[in-house]
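*Asks:* My structure is below; once you've seen it, I'll send some questions.
Read-outs: derived from the displayed coordinates by stated rules, not from any lab. Owing to the predicted nature of the structure, the values given are computational and were not obtained by experimental measurement.
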Amino acid sequence: MADDTYFKLLDRAKNTFSTSIKSERRLKIPEPDVIHEGKVTIIRNFTSIIEMLNRDPKGFIKFFTRELGIGITYDPPRIVINKKVDQETIRKKLEQYIQIYVECYECGSPDTEIKRVGRVDILECKACGAQHALKMTKDINQNESAVEEGKTYTVTVSDTGPSGEGRANFRGFSLIIPGAKKGETVKVIIKKIRKGTAIADIVKD
């Protein structure tokens, strides 16, 4: 019965919660301005995008070169990709780049920076303080559905819902955590998953 109550709350609030996080990021990142000239693809507003993401253009280009398997020329404010690439593919690769090199793996905040520690590149979040070694694309793909019912995870609560419940964005899921407070890092167990949103209970030590 309690779970049913949570899901009624979820249905009223989840759209506002999940959409606001995604929309906030999309509002800050320009849509790739893509044109094709002969056999090449040009992203005309590349500099604007990379400045919004606060990342090194060389690292971004290296990622795109590896993912697309073709040479890329940086000609500010644009880049030239040496083959035809459709708009949707560019959007997907941009999304992958953001997941790996920009968004915090714990709270989803884009307020991060990359630091070199020894031989490892670390993604450090200025919002929740989390630090993680950078993931590869294959790790992102494997983790897209890595939240499972009955399993425990450590998450950072990023917001508070209308009824005082904690909210967290974790591995692409919106978590509702009764009893959790904003800013806390808690260990939770996933009780139910529904359409990208999950009910989680705090695990008492």
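*Asks:* Using 21 Å as the Cα-Cα cut-off, could you pick out the over-long pairs in Lys58/Lys115; Lys115/Lys151; Lys126/Lys181?
*Replies:* Working: Lys58/Lys115 15 Å; Lys115/Lys151 31 Å; Lys126/Lys181 19 Å.
From Lys58/Lys115; Lys115/Lys151; Lys126/Lys181, over 21 Å: Lys115/Lys151.
*Asks:* I've got another one for you. Please list, in order along region 100-108, the HN-Hα scalar couplings obtained from phi with the Karplus expression 6.51 cos²θ - 1.76 cosθ + 1.60 (θ = phi - 60°), rounded to whole Hz, x for Gly and Pro.
*Replies:* Running phi through 6.51 cos²θ - 1.76 cosθ + 1.60 with θ = phi - 60° gives 7, 10, 10, 6, 4, 6, 9, 9, x Hz.
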